[in-house]
1. Any chance you could give the angle, 0 to 90 degrees and rounded to 10, that helix 18-29 forms with the longest Cα principal axis of the chain?
2. Using a simple charge model, +1 on the beta-carbon of Lys and Arg, -1 on the beta-carbon of Asp and Glu, nothing else, what dipole does the chain show about its Cα centre, in debye to the nearest 20?
3. Where does the chain land at 222 nm, in deg cm²/dmol rounded to the nearest 500, when only DSSP H runs of n ≥ 4 count, each adding -39500 (n - 2.57), divided by all residues?
4. Arrange Val38, Val145, Val97 by Cβ neighbour counts within 10 Å, fewest through most, would you?
5. Cut-off is 10 Å between beta-carbons; in what order do Lys46, Lys259 appear when sorted fewest neighbours first?
6. Calculate one ³J(HN,Hα) per residue across segment 231-243 by plugging θ = phi - 60° into the Karplus curve 6.51 cos²θ - 1.76 cosθ + 1.60, and present them in order as whole Hz with x for glycine and proline.
7. For the pair Leu191/Lys46, report the inter-label distance in nm, with labels modelled 7 Å from Cα in the Cβ direction.
8. Measure nothing fancy, just the Cα-based angle from helix 77-88's long axis to the longest principal axis of the chain, in degrees from 0 to 90, nearest 10.
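Derivation of every value follows stated rules applied to the coordinates shown; laboratory data play no part. Please read all numbers here as calculations on a predicted model, not as lab measurements. Every residue, glycine as well, gets a Cβ built from its backbone with ideal geometry; the counts of neighbours run over all protein chains shown.
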Amino acid sequence: MLPGMAAKPRVAIVGAGNWGTALARALRRAGIQIEAVVAHSGAGLKKARRLAKQVGARGVVDLSEVRAELIWLCVPDAAIEQAAHSLAAEVEWKGRVALHSSGALTSDVLGVLRRRGASVASVHPMMTFVKGSRLSDARPALAGVPFAVEGDPAAVRAARRVIRDVGGHAYAILKKDKAAYHAWGTFASPLFTALLATTEQVAMLAGVNRKEAKRRMIPILQQTLANYAALGAAGGFSGPIVRGDVDTVKEHLRALRGKRAAREVYSALARGALQYLPARNKKLLKQLLDCQPD
C-alpha cells in the first residue's frame with residue numbers, strides 16, 4: 001500500500017449497481033469504513049443514497065468533500081473511462097488508490113487518474129451479481145471468491161489487503177490475458193445461464209413448461225456440479241456421447257429440428273465434448289454432427 005495509508009483505508013464507492021452493492025456490504029462486514037457512495041445521475045443518486053444509508057456512509061454527487069484513500073469505480077465497463085475523466089478534477093489524486101472491477105479492461109483505462117498521481121489497478125471478482133431477487137443465495141458474499149488483479153504495485157498491494165479482509169483470494173493476471181480471462185468467466189456464468197434457458201426450450205418439446213422444467217432440472221444440475229467439483233470434467237461426464245451411442249444422438253438431433261437454435265447449441269457442445277472429453281465412436285459422432293440438414 002501507499003506510505004502512510006491505514007491498514008484498512010477509508011473507501012469511496014462510485015456506483016451503486018449490483019456489484020457496488022455487494023462490495024459495499026462485504027466491506028462493511030469486514031469492518032472497513034465506507035465514507036461515501038458516489039453517483040451523478042438522478043436515478044443513480046437515489047440508489048447511491050439508499051445504499052449509503054445501509055452501510056453507514058454518505059450518498060454524494062462528487063468526490064470534492066470525500067477524504068477516502070481508496071476510490072473504487074463500480075460502474076459498467078463502457079462507463080469506466082468516462083467516469084475516470086469526470087472524477088479526475090474533483091479531488092487531489094496523489095497518494096490515493098483508484099480501482100475498477102472490469103473483467104475485460106486493464107488498469108490502463110484509469111490512465112487519467114494515474115497521470116494525476118493515483119496508483120491504479122483492475123480488480124475483478126470471478127462471481128456473478130444479479131438484481132431482483134430477495135433470495136440470500138442470489139446475493140453472494142465475497143468469502144472464497146477469487147479476484148484477478150493487475151496494475152500499479154501500490155494499488156495491487158492495497159487491493160490484495162482489502163480482498164483478504166473480505167475473505168476473497170487475490171491472484172495476479174497479465175494485461176494481455178484479460179480478454180481471454182473474461183471470456184472464461186462468461187462461459188462459466190452468463191453463457192451457462194443461456195444454456196439453461198435453451199434447456200428449458202428443449203423441455204417444452206417434451207411437453208414440460210419452463211417452471212416445471214426448472215424444478216425438475218435442479219437435482220441433476222446440482223449433482224453435475226458436485227461431480228465436476230469432485231472428479232473434474234472427464235470424470236463427471238456421462239450420457240450418450242461418452243458411451244458412443246450414435247443412434248441416440250441421431251434421435252436427439254431429429255427431435256431438435258423444430259428448435260434450430262437449440263439444435264445448434266447441442267451440436268456445438270457435442271463437438272466440444274468430442275474435442276475435450278472421453279467418448280467412444282468419435283469419428284462416427286463427428287460425421288453425424290457435420291452432416292446435419294439445415
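1. Its long axis makes an angle of about 60 degrees.
2. So the magnitude is around 620 debye.
3. It comes out at -16000 deg cm²/dmol, rounded to the nearest 500.
4. Val145, Val97, Val38
5. Lowest to highest Cβ neighbour count: Lys46, Lys259.
6. Taking θ as phi minus 60°, the curve returns 10, x, 5, 5, x, x, 8, 9, x, x, 6, 5, 7 Hz for segment 231-243.
7. 3.7
8. Roughly 0 degrees, rounded to the nearest 10.
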